[in-house]
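The values are calculated or read from the model by the stated rules, or taken from the named source; none is laboratory data. Here the structure is a predicted model, which is why all the values come from computation and not from measurement. Cβ placement follows ideal geometry from the backbone for every residue including glycine, while neighbour counts extend to all protein chains displayed. What goes into the accessible areas is simple: the full protein's heavy atoms, side chains included, and nothing from ligands, DNA or RNA. Shrake-Rupley method; radii C 1.70, N 1.55, O 1.52, S 1.80 Å.
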Amino acid sequence: MFVREKQATFPAETADVGARGCRLALARPVARGALLQLRFGGDGPEPLDAVGQVVWTRKGEAGVAFLSAPATRKSGASWMDVLFASQLRAARRDRAAGDDLRDLLDVPLRLGTPPRAPLPPVALAIARVAERAGRLSEVLALPGGIATLAALVEQGAVTIGSAGGDAQGWRRALSVAGDATANGAAPAARAGQPAGSPPRAGGAAAA
């Protein structure tokens with residue numbers, strides 16, 4: 001991420017991101033009470049911009065309270081989900097960024113918006129984890145699990161926020177996918193969608 005204070009812009013690392021604020025690891029000091037422009041992301045389809053105020057500082061770190069929550073144009077994913085997906089994609093590409101996932105291993109996954117098309121096998125396995133509020137650590141062992149989870153989160157099908165309210169839609173989606181797997185055939189990909197990639201959640205914008 002990048003931080004802008006007055007006329008200076010500099011990189012920072014985030015930790016403990018929540019709905020009301022975050023902790024920053026900074027290479028340069030900031031003063032308590034300072035107003036910061038925050039730009040999250042860079043590994044996803046869009047950056048997330050927010051304004052925050054420094055509420056505490058210590059060597060190399062600062063606590064920031066959001067004055068305006070990060071906004072996303074995506075209809076299917078919250079800003080926290082978009083940021084989470086960005087972290088997943090960065091970890092997939094960069095080993096150093098992958099080490100940061102250790103702090104997220106116990107993050108619970110939940111079902112969001114049910115997909116309109118049958119789930120491919122890996123996406124189905126992730127949905128089963130999210131169905132019981134399982135942890136990110138359970139997904140990492142799946143082949144292609146990180147990339148598939150990132151796509152599901154961006155589409156709003158899986159979330160780290162509150163579970164979606166369409167339980168009946170998910171029962172139908174999981175039942176259809178389970179039947180296809182039991183019959184020995186992977187669900188067909190949608191037109192124009194690479195085989196094995198998760199289908200878009202209902203109404204979600206493209207990732």
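Some observations on this one:
- Scanning the stretch 1-31 for residues that are more than 25 Å from residue 106 (Cα to Cα), assigned to a loop (DSSP other than H, G, I, E, B) and open to solvent by 40 Å² or more (accessible area, probe 1.4 Å) turns up 6, 7, 27, 28, 29, 31.
- The stretch 32-63, subset at pLDDT below 90 and open to solvent by less than 10 Å² (accessible area, probe 1.4 Å), residue nearest to residue 88 (Cα to Cα): 40
- Within the stretch 88-97, considering residues that are out of contact with any Asp or Glu (no Cβ under 7 Å at 6 or more places or on another chain) and either assigned to a strand (DSSP E or B) or within 20 Å of residue 152 (Cβ to Cβ) (or both), the one modelled with the highest pLDDT: 88
- Output for the stretch 64-79, where each listed residue is at pLDDT below 90 and buried (at least 20 other Cβ atoms within 10 Å of the Cβ): 70, 72, 74, 76, 77, 78, 79
- Close Cβ contacts (under 6 Å, 6 or more residues apart or on different chains) running from residues in the stretch 96-122 that are open to solvent by less than 50 Å² (accessible area, probe 1.4 Å) to residues that are in a strand (DSSP E or B) and modelled with pLDDT under 90 comprise 115/201.
- Hits in the stretch 1-22 (condition: of a type outside the set (Val, Ile, Thr) and within 18 Å of the chain's Cα centre (by Cα)): 1, 13, 15, 16, 18, 19, 20, 21, 22
- Residue that is modelled with pLDDT under 90 and closer than 30 Å to residue 26 by Cα, where the choices are 109, 140: 140
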